[in-house]
Amino acid sequence: MSDLYTAFVSKLLFPAQERLKRHDTVRLRRLLEESQWWVRARIERLQFERLQALLVHAQAHVPYYRELFGRIGFDPRKIESASDLARLPFLGKADIRANLEALKSDDARDLARFNTGGSSGEPLIFFIGAERVSHDVAAKWRATRWWDVDIGDPEIVVWGSPIELGAQDHIRHWRDGLMRTELLPAFEMSESKLDAFVERIRKRRPKMLFGYPSALSLIARHAVSRGQRMDDLGVKVAFCTSERLYDDQRSTIERIFGCRVANGYGGRDAGFIAHQCPSGGMHLTAEDIVVEIVDPQGKPLPVGETGEIVVTHLATRDFPFIRYRTGDVAALDPAPCACGRGLPLLKDIQGRTTDFVVARDGTVMHGLALIYVVRDLPQVAAFRIVQESLELTRIIVVPAEGYGPEIEDRIRQGMANRLGQGVRIEIETTAEIPPEKSGKYRYVMSHVGAREQPECAT
């Protein structure tokens with residue numbers, strides 16, 4: 001499976017790093033690799049035991065849930081199955097914003113502040129403890145190993161989060177070198193940048209790729225346009241996440257890189273929810289996460305029916321995510337997976353989508369490059385960015401307290417810095433931004449890629 005250096009990293013170096021961080025990742029991964037083969041009923045028993053423990057702890061230590069359970073007469077010690085979660089109200093982004101301190105456990109220590117990428121136009125601030133990090137890393141590690149690769153194998157990551165990109169200091173750079181992982185920023189994708197990406201990938205000869213499916217497929221198509229092969233590098237798998245993976249993107253990546261594509265679904269807020277195995281099943285991390293599918297009225301739907309994904313993360317005692325509405329749409333798959341794992345399956349995921357945008361000079365950028373201009377402005381409650389042409393981009397804004405001309409000037413300047421100083425930036429205010437028919441909010445819509453940059457359209 002691995003060469004000697006990979007074994008050194010996965011068995012010694014990475015576990016040592018996790019111990020220094022006081023994470024329980026190694027032990028948890030071993031438990032997950034055992035429990036994935038349990039029969040479904042045994043996994044469900046474990047899930048229920050952990051759910052009840054989370055709810056009991058929330059009642060005792062989390063002010064928000066202590067008040068909520070008392071107000072509705074909910075006793076977590078008396079629940080009989082995970083379906084009893086339906087007696088609790090949903091947790092939405094607005095609830096978290098309004099109760100940020102009350103959602104912290106009174107015995108939490110060393111909480112880390114996180115925020116989402118604002119895929120709905122509404123970025124979310126929340127907190128995560130070491131327990132949650134350990135469980136999420138262990139779940140991701142387990143899923144990585146399904147594909148005959150491991151931590152320490154050469155890896156290229158195409159990503160755009162400021163959390164990752166902002167951490168590229170000397171220590172992070174040194175650590176990534178030891179782990180044999182290289183980060184390529186998914187923001188600016190001009191011809192020269194794409195040429196450099198192709199060159200870096202060929203030099204690294206990675207066993208695995210990780211990133212946005214739109215970015216990986218764009219790099220693949222660019223390589224073809226340059227007459228450059230990418231299927232001779234030994235890439236085994238491309239892990240795609242953070243956006244909906246479309247069939248054409250999967251086929252492009254597989255054909256050009258000569259590897260399999262593994263779809264992943266989750267988020268900073270909701271956790272590591274599901275990952276595809278080599279047999280094709282999207283396995284839920286059921287030991288850590290309870291997934292409900294609900295209709296537009298919030299009523300739980302039977303297995304097989306499509307609705308909104310609601311998540312309860314069982315490793316969030318420090319800052320509980322209980323019945324958290326993701327805004328994404330999918331269905332639970334009643335069929336077993338051919339791999340033989342007892343983990344339940346998710347299907348028909350209609351998750352996040354992110355368009356590329358094109359600067360006036362032709363530079364292609366990941367849509368998140370524009371998102372970050374407005375994402376963390378507290379004076380903006382929600383937004384949508386519509387690139388009408390190379391000369392015109394419209395920003396639709398739902399104002400919050402403090403919104404005014406100065407905020408609009410900041411938005412215009414930030415957009416102009418990325419799209420070009422000659423681009424006209426029109427800002428419209430509205431009381432509400434309606435979702436699409438699927439229930440998802442598209443936060444970037446570019447009409448340029450499809451019409452003026454057909455070779456880059458994804």
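The values are calculated or read from the model by the stated rules, or taken from the named source; none is laboratory data. Quick caveat, the model's predicted, so the values are computed rather than measured. Heads up, the Cβs are rebuilt from the backbone with ideal geometry, glycines too, and the neighbour counts pull from every protein chain shown. Surface areas here come from the heavy atoms of the whole protein model, side chains and all, with no ligands, DNA or RNA. Shrake-Rupley method; radii C 1.70, N 1.55, O 1.52, S 1.80 Å.
Assorted remarks:
- Selection from the stretch 78-117 of residues that are surrounded by 14 or more Cβ atoms within 10 Å (Cβ to Cβ), of a type in the set (Lys, Arg) and over 22 Å from Ile128 (Cβ atoms): none
- Remark: Ser134 matches the filter, which requires a residue to be in contact with a Ser or Thr (Cβ under 7 Å, 6 or more places away or on another chain), of a type in the set (S, T, N, Q) and open to solvent by less than 40 Å² (accessible area, probe 1.4 Å).
- Matching entry among Arg317, Arg384 (being among the charged types (D, E, K, R) and either outside any strand (DSSP E or B) or free of Cβ contacts under 8 Å to residues at least 60 places away in the same chain (or both)): Arg317
- Flag for Asp75 being at pLDDT below 95, farther than 30 Å from Ala431 by Cβ, out of contact with any strand residue (DSSP E or B) (no Cβ under 8 Å at 6 or more places or on another chain) and surrounded by fewer than 20 Cβ atoms within 10 Å (Cβ to Cβ): no
- All positions within the stretch 12-47 that are touching a helix residue (DSSP H, G or I) at 6+ places or on another chain (Cβ under 9 Å), open to solvent by 50 Å² or more (accessible area, probe 1.4 Å) and among the basic types (Lys, Arg): Arg19, Lys21, Arg22, Arg27, Arg30, Arg42
- Entry remark, the stretch 72-97: residues being in contact (Cβ under 8 Å) with a residue 24 or more places away in the chain, over 30 Å from Ala382 (Cα atoms) and small (Gly, Ala, Ser) number 3 in total.
- Checklist (1) surrounded by fewer than 19 Cβ atoms within 10 Å (Cβ to Cβ); (2) within 27 Å of Val39 (Cα to Cα); (3) more than 21 Å from the chain's Cα centre (by Cα) applied to Arg341, failing item: (1)
- Test: residue in the stretch 446-458 that is touching a helix residue (DSSP H, G or I) at 6+ places or on another chain (Cβ under 7 Å) and either farther than 29 Å from Lys193 by Cβ or at pLDDT 85 or above (or both): no
- Residue, nearest to Arg40 (Cα to Cα), within the stretch 261-305, restricted to residues that are of a type outside the set (A, V, I, L, M) and out of contact with any strand residue (DSSP E or B) (no Cβ under 8 Å at 6 or more places or on another chain): Glu287
- Here is the figure for the stretch 395-408: residues that are open to solvent by less than 50 Å² (accessible area, probe 1.4 Å) and either closer than 16 Å to Leu368 by Cβ or in a strand (DSSP E or B) (or both) total 4.
- Those residues of the stretch 170-189 which are at pLDDT 90 or above and assigned to a strand (DSSP E or B), in sequence order: Thr181, Glu182, Leu183, Leu184
- Residue pairs whose Cβ atoms lie under 6 Å apart, separated by 6 or more positions or on different chains, with the first residue in the stretch 217-239 and at pLDDT 95 or above and the second among the hydroxyl-bearing types (Ser, Thr, Tyr), are Ala220/Thr252.
- Qualifying residue in the stretch 138-154 (condition: assigned to a helix (DSSP H, G or I) and either at pLDDT below 95 or more than 30 Å from Cys277 (Cα to Cα) (or both)): no
- Any pair with Cβ under 7 angstrom, 6 or more apart, that starts in the stretch 325-336 at a residue that is within 11 Å of Val291 (Cβ to Cβ) and ends at one that is among the hydrophobic types (A, V, I, L, M, F, W, C) and open to solvent by 40 Å² or more (accessible area, probe 1.4 Å): Leu332/Val303
- Any hit, the stretch 365-375, residues being open to solvent by 10 Å² or more (accessible area, probe 1.4 Å), of a type in the set (Gly, Ala, Ser) and modelled with pLDDT under 95: no
- Hey, Arg87 basic (Lys, Arg) and within 25 Å of the chain's Cα centre (by Cα) or not: no
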